[in-house]
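I have placed the structure first, in the form of structure tokens, so that the comments after it can refer back to it.
What follows draws every value from the coordinates through simple rules; no lab data is involved. This is a predicted model, so every value here is computed, not measured. For neighbour counting, all protein chains shown are included, and Cβ atoms are generated from backbone atoms with ideal geometry for every residue, glycine included.
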Amino acid sequence: MLPVRSLACGLCVAALALPAKANDVDALNLGRDAVPELQSAQPTAAESPLRLAVEGAGGRWLRRDPLGALATRRLSIDLSHSVRWEGGWRLAWSDRLDAWSPAEPGQGTALNSLREAYSSWQDPTGASLLEFGRIKLRNSPAYGFNPTDYWRGGSLRAITSADPFALRDARLGTVMLRAQRLWTGSGWSLAWAPKLADRPSSAPLSLDLGSTNASHRLLANWSQQWSDRVNGQAMLFAEQGRAPQFGASFTALLSDALVGHGEWSGGRAEKELSRLQGNPSPEVFRGRLASGLTWSLPLGLALTAEYAYNGAAPDRAAWDAVATPAVQAQYLGLAGQRQDSASRRAWLLYLVQKDLVFKRLDLTGFVRRNAEDGSQLAWLELRHRGSRMDLALQWQAALGRDRSEYGLLPVRQSMQLVGRWFY
């Protein structure tokens with residue numbers, strides 16, 4: 001097994017071995033992608049109204065003793081469609097069906113996820129927009145942990161990859177009414193999501209509104225393009241029964257090869273681990289932060305280093321003081337469901353190498369490290385991109401001492417072969 005530390009060193013060496021020069025336009029686009037309000041004002045390439053992808057995967061899990069090895073299989077069908085009419089009207093939906101074997105305890109062998117289903121209207125100038133329905137909205141530039149992505153909690157109905165970008169694509173949207181207004185270099189949006197259900201549902205064909213719309217929520221967002229190199233956002237998020245949260249984020253083109261990003265969210269909150277142990281902590285102001293740098297290099301290489309801080313998560317002393325691993329596992333499951341950083345401090349190193357060795361062969365990988373307990377999660381993918389089919393080999397490893405964040409994961413290493421067909 002390849003040690004995670006060796007993988008991290010290898011990723012760094014691969015980046016440093018190449019000269020530091022990149023395409024300025026690509027780096028600037030990376031910054032704009034993090035600000036949906038500003039991005040929507042940019043011209044976009046024509047896209048096919050109907051997209052279908054069928055993905056099959058087979059692999060093997062090496063579980064921690066005494067569970068042993070386990071063979072796995074999965075089939076996923078991904079379908080999306082959009083229709084545009086004159087007058088600025090648009091109807092869009094996307095759906096994903098996942099079937100796997102063996103099934104997780106307490107789950108079935110198949111699960112359908114209606115990710116998006118909404119209608120929208122945009123005026124002829126593109127300055128005003130109204131949307132209603134299940135919308136997948138994300139306002140966060142960070143890679144691994146997104147404290148200002150206020151709609152993330154409960155949005156993952158099925159997890160088929162550890163890659164954060166694949167998780168964002170697979171997540172459920174939230175049923176909401178959203179209004180947006182753009183000016184030159186700035187814009188605002190207001191999104192209201194009503195309560196539609198009391199609890200999540202694991203039924204295979206459920207809309208699972210209890211995961212995405214279990215309370216009334218409101219998000220106000222102001223976006224500003226301060227210059228050709230700097231974009232920023234300010235946010236106010238209100239949720240029924242919880243204290244309001246304030247957020248801010250930015251992306252900045254620091255040089256032709258370097259893009260910086262950061263996001264922060266703060267508000268009154270309790271410590272979830274203390275509550276699970278039956279010792280609720282007082283609600284005090286707690287902050288969450290994610291900040292990083294992306295270095296773009298020639299030959300399609302990009303390396304991102306990111307730091308994450310969660311003021312509501314336990315530090316090393318609080319984690320070690322937990323009496324039983326069952327409570328720790330329960331806390332990690334809740335953090336995963338909310339897509340929170342389970343540790344107080346964490347690091348992420350993310351690498352993308354396009355056209356490795358020959359064209360259309362891509363290498364993607366990351367190492368995530370819990371800075372409190374030293375445990376690590378590594379993921380690596382080698383993918384050949386075809387015009388109608390992708391073929392990928394994926395490897396994942398979780399390392400750490402007993403009762404550490406990644407040491408508690410039941411699967412310590414996995415390998416799978418993935419084929420994806422496009423229609």
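Structure above, values below:
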| quantity | calculated |
| --- | --- |
| Longest DSSP-loop-exposure-free segment, trypsin sites (Lys or Arg not before Pro), the chain, at most 15 other Cβ within 10 Å | 65-194 |
| Inter-label distance, nm, simple model (7 Å from Cα along the C-beta direction), A53/K354 | 1.6 |
| Net dipole in debye of region 247-394 [+1 Lys, Arg Cβ; -1 Asp, Glu Cβ; about Cα centre; nearest 20] | 260 |
| Selection from A317, L348, G126, by position along the positive dipole direction of region 4-422 (Cβ) | A317 |
| Dipole of region 220-270, positive direction: furthest Cα of G260, F250, Q240, with charges on the beta-carbon | Q240 |
| Cα-derived Rg to Rh of the chain, Kirkwood definition | 0.94 |
| Total charge dipole magnitude, the chain, about the Cα centre, Cβ charges on Lys, Arg, Asp, Glu only, Debye to nearest 20 | 520 |
| Cα centroid separation - region 299-327 against region 136-156, whole Å | 17 |
| For region 339-363 versus region 249-285, the gap between their alpha-carbon centres in whole angstrom | 21 |
| Relative contact order of the chain, defined on C-alpha pairs under 8 angstrom at six or more residues apart (%) | 15 |
